[in-house]
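The values are calculated or read from the model by the stated rules, or taken from the named source; none is laboratory data. Everything numeric here is computed off the predicted structure, so don't read it as measured data. Here Cβ is always computed from backbone atoms with ideal geometry, including for glycine, and neighbour counts include all displayed protein chains.
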Amino acid sequence: MSNDLPLVSIVVASYNNAKYLEECLESAANQTYINIEIIIADDCSTDNSREIIEKFIVKYPNKKIVPVLHEKNIGACANLNIAILNYATGDFVKVIDSDDYLSLDAVEVLSKELCQNPNRPAFVYAKSLVFVNDLNHKKSISHTSLEKEVLSFKGLYFRNYISACTVMFRRSVFVEVGGYDNGIYIGDYYLWLRMAAKYQFSFVDKVVGFYNASNDNSISKNYEKMLAANIQIRLLIYQQNKAYISVQDLYRSILVSFGGFFVNTFYQTCTFSKLDAFKILIHNYREILTYNKKSFVNCCTRFFINDKLKKIIKKIIK
């Protein structure tokens, strides 16, 4: 492996994941791809993450490791923006959350695709495996997640099929589109869509990342905010790309998000009931969801077994 290859910045997003952090950092330090720098962006962790970071730096004195340690919590997107825009110097950027970890050849596999693909994709993603740590801290790998889908902007718009722990992107494109949006709960999905609206992206049929499904602090566990963010992102992307995304596309994509919310019974973990969730959605997005009123009613009422609730819904939508 030669240092003539592009520099890759591995950016570790750290926040209160001390029990997983060491494994994440070790996976970054022991990559088969040599020309890397490791940026550790800690968003004011209150556990012993800082201690682990300090020991890690001492353990690898010959590696370029840059700690970015915030003294107040600024949020996930702001934390990453500062790390990438102000500290990362690589041509390519690989972000990894501190509760996940990488295969040892992840950087080699992903950077090779960015270098050799003649279409010069803005970013590349691959397969991931989901793991769970039980009470005895024994790891079990459960299944492969999010394999290849249609590699198109519109396909990604309808469904987020990309596993965040597998993505590598060009820093130049990240800068061009403005980085992560600090006001978006699912910052990575919104970033990928803005990149995909301008450039191609690609897929590598190989497992390069391991996603932690046992961490209760993960943002993906807040289903209420996830649903709201998915709808918000689809509205924003529609407004920015009306030449490519029709109102029918917007309508369909929101139905997919809304339908998945109930089909997977995510609402049961939220602070409001199924009917309350429906009322909130109608109140906020009435103009879009009533684009085809009859179709919308038919779609949504399938998720409500009780006939009384179906009548209430039909009354709300009028």
Notebook entry, point to check: In segment 165-187, which residues are of a type in the set (A, V, I, L, M, F, W, C) and in a loop (DSSP other than H, G, I, E, B)?
Noted result: Val167, Ile184, Ile186
Margin query: So, in segment 188-221, how many residues would count as being assigned to a loop (DSSP other than H, G, I, E, B) and either within 17 Å of Gln239 (Cβ to Cβ) or at pLDDT 95 or above (or both)?
Written below: 4
Next item on the list: Would you check if Leu135 is at pLDDT below 95 and over 24 Å from Ala76 (Cα atoms)?
Entry: yes
Margin query: Scan segment 102-111 and tell me whether some residue there is free of Cβ contacts under 8 Å to residues at least 60 places away in the same chain, in a helix (DSSP H, G or I) and under 24 Å from Lys198 (Cα atoms).
Written below: no
Next item on the list: Scan segment 106-124 and give yes if some residue there is within 26 Å of Ile53 (Cβ to Cβ) and touching a helix residue (DSSP H, G or I) at 6+ places or on another chain (Cβ under 7 Å), otherwise no.
Entry: no
Notebook entry, point to check: For segment 167-182, which residues satisfy the criterion of being under 30 Å from Leu255 (Cα atoms) and without any contact (Cβ under 8 Å) to a residue 60 or more places away in the chain?
Noted result: Val177, Gly178
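Let's see how each residue does on (1) loosely packed, with under 15 Cβ neighbours inside 10 Å; (2) at pLDDT below 95; (3) outside the structural domain of Gly209 (by TED's automatic domain parsing); (4) over 18 Å from the mean Cα position of the chain (by Cα):
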{"position": "Glu54", "(1), (2), (3), (4)": "yes, no, no, yes"}
{"position": "Asn79", "(1), (2), (3), (4)": "no, no, no, no"}
{"position": "Ala83", "(1), (2), (3), (4)": "no, no, no, no"}
{"position": "Ala88", "(1), (2), (3), (4)": "no, no, no, yes"}
{"position": "Asp91", "(1), (2), (3), (4)": "no, no, no, yes"}
{"position": "Glu113", "(1), (2), (3), (4)": "no, no, no, yes"}
{"position": "Ser145", "(1), (2), (3), (4)": "no, yes, no, no"}
